[in-house]
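Worksheet: one structure, shown below.
The values are calculated or read from the model by the stated rules, or taken from the named source; none is laboratory data. Predicted model only: the values in this text are computed from it and were never measured. Glycine gets a Cβ as well: all are built from the backbone with ideal geometry, and neighbour counts include every protein chain shown. Areas reflect the complete protein model, heavy atoms only, side chains present, ligands, DNA and RNA absent. Shrake-Rupley method; radii C 1.70, N 1.55, O 1.52, S 1.80 Å.
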Amino acid sequence: MRFSSVLKQSAKYAAHVPKSGVFPQGFQVGSVASGVKKNGTLDLGILVNTNKSYESSAASVFTTNKFKAAPVILSQRVLEEKKGKGINAIVVNSGCANSVTGEIGLKDASQMAKLIDEKLGATSSSTLIMSTGVIGQRLQMDKISKGISKIFTDNSFGSDFNSWLNIAKSICTTDTFPKLVTSNFTMNNGTQYTLTGMAKGAGMICPNMATLLGFIVTDLPIESQALSKMLRYATDRSFNCISVDGDMSTNDTINMIANGAVKTDEITEDSPEFLQVRDQVTQFAQKLAQLVVRDGEGATKFVTVKVQNSSTFADARTIAESISNSMLVKTALYGKDANWGRILCAIGYAKLETLDSLQTDKLNVSFIATDNSEPRELKLLVNGVPQLNIDEERASQILALPDLEVLVDLGTGNEEAQFWTCDLSHEYVTINGDYRS
């Protein structure tokens, strides 16, 4: 690894990894280096719900890739069988995706869950499984089994900051830093609750209905159908609004568990607090999802693509996604090249649901500085007309920022959407050219 890369990684770690946190009641986590990873780092983590006074609720959003990995298939089955109730554990490994491994892969994933259920004394399936790493290789179940036993027999579970940080580390692959977010919230009725979430991902990030690996836990009591709707809404506005390289993984999964350790009325879709909690979960998920982009493989820039004044949310999101996935836009951002024609190109080929959403004579495109320097907005296109004598020096200054925004105003409605993306550098090719080595 080049020295410059080491410096970038250490800077990212310092900027984005917390030094303390707040964690929901009734959850404990443990992790271990099982030996699946060649470098001997943490690669196996377990989360368990210890609150028995409430039947926990769980919800998930999974990849739509046709080659769904074994842990995805097994977790879907468990959730369907249990109807989202009584899920009390998540087991996750890194270093091997257990994907495209056929029946033997399904047996291995099932064995992982069974080992956890037996340790917890569960009489039926109550564990969700997550795996990440190289596709097409079988899990080393001897190491996984010993690792699971070690976590339980050594009483490695904890609810302190280091325990949570370690499980976040255990799911990392090409990540340069663990992604852990924690927050306290207060509902309008005065009830306080906590959300804790973690994710892994730096490459193969372009979701459709889910992305990467991650899970969120809370100590609120939330009815299972309400939790499912919350997570879907939040995912569509967070994890489904990020892009690093345009590739969708076979293992993409976001799980959420609510264990009801906070004593308050159960939240249903009809509860007055439902919308407030849904929006708080969405904002929380956005923070977690943005960390994935900030850790994009080889990335040097974090870019917000905001599309506003669209006739529909769906079309605003489609245009934002099209810009974010464009290799030509991403390479221009890396090269600090104000080639706004590439942005227009990506807008123009976006497949919109409503033709009226895009009218070329109403379209406005700008670069936005995020460092409070002036002028903050650099207009590139106004009502479909290119701006003459664009200040190229100012454009280069904005494009040199580590954080910047591309603003697209469609002028055809009042809906808006945001996507978060990054540039595409030489280092991305280097990382992915020898991923298995």
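List of remarks:
- Counting only residues at least eight positions apart within a chain, or on another chain, the aspartates and glutamates with an alpha carbon under 13 Å from that of K143 are D43, D108.
- Pairs spanning more than 19 Å between alpha-carbon atoms, out of K114/K146; K82/K287; K52/K287; K306/K330: K82/K287; K52/K287.
- Both radii come from the Cα set of region 6-294: Rg as radius of gyration, Rh as Kirkwood radius; their ratio Rg/Rh reads 0.93.
- For region 302-433: rounded, prolate or oblate by the Cα gyration tensor [a/c cutoff 1.5]: oblate
- Using R0 = 41 Å, the C-beta based FRET efficiency linking E353 and S124 works out to 0.45.
- For D356, net neighbour charge (Lys/Arg +1, Asp/Glu -1) across residues whose Cβ lies under 14 Å away: -3
- Exposure of F152 as accessible area (Å², to 10), given a probe of 1.4 Å and all protein chains: 50
- Shown are D423, D142, whose ranking by accessible area with a 1.4 Å probe and every protein chain present, most to least, is D142, D423.
- Whole-Hz ³J(HN,Hα) from phi, Karplus 6.51 cos²θ - 1.76 cosθ + 1.60, for region 355-367, glycine and proline x: 4, 6, 5, 10, 10, 4, 7, 10, 7, 10, 9, 9, 9
- Annotation: extensible slack from N189 through I368 equals 60.6 nm (criterion: 0.36 nm per residue apart, minus Cα-Cα distance).
- Considering only L363, L231, L128, the Gaussian network model of the chain with Cα springs below 10 Å gives its largest mean-square fluctuation to L363.
- Sequence-distant aspartates and glutamates (8 or more away, or on other chains) whose Cα lies within less than 14 Å of K362: D409
- Whether region 382-426 is rounded, prolate or oblate, judged on the alpha carbon gyration tensor where a/c under 1.5 counts as rounded: oblate
- Average Cα contact separation per residue, the chain, under 8 Å, 6 or more apart, as relative contact order %: 17
- Coil-residue GluC sites (Glu not before Pro) of region 276-367, DSSP, other Cβ within 10 Å capped at 16: E353
- Straight-line reach from K83: taking Cα to Cα under 18 Å and skipping same-chain neighbours fewer than 8 places apart, the aspartates and glutamates in range are E55, D117, E223, E266, E269.
- Placing +1 on the Cβ of every Lys and Arg and -1 on the Cβ of every Asp and Glu, with no other charges, gives the chain a dipole of roughly 1380 debye about its Cα centre.
- Here is the list for region 353-437: chymotrypsin sites (Phe, Trp or Tyr not before Pro) lying in DSSP coil, each with at most 16 other C-beta atoms within 10 angstrom of its C-beta, are Y435.
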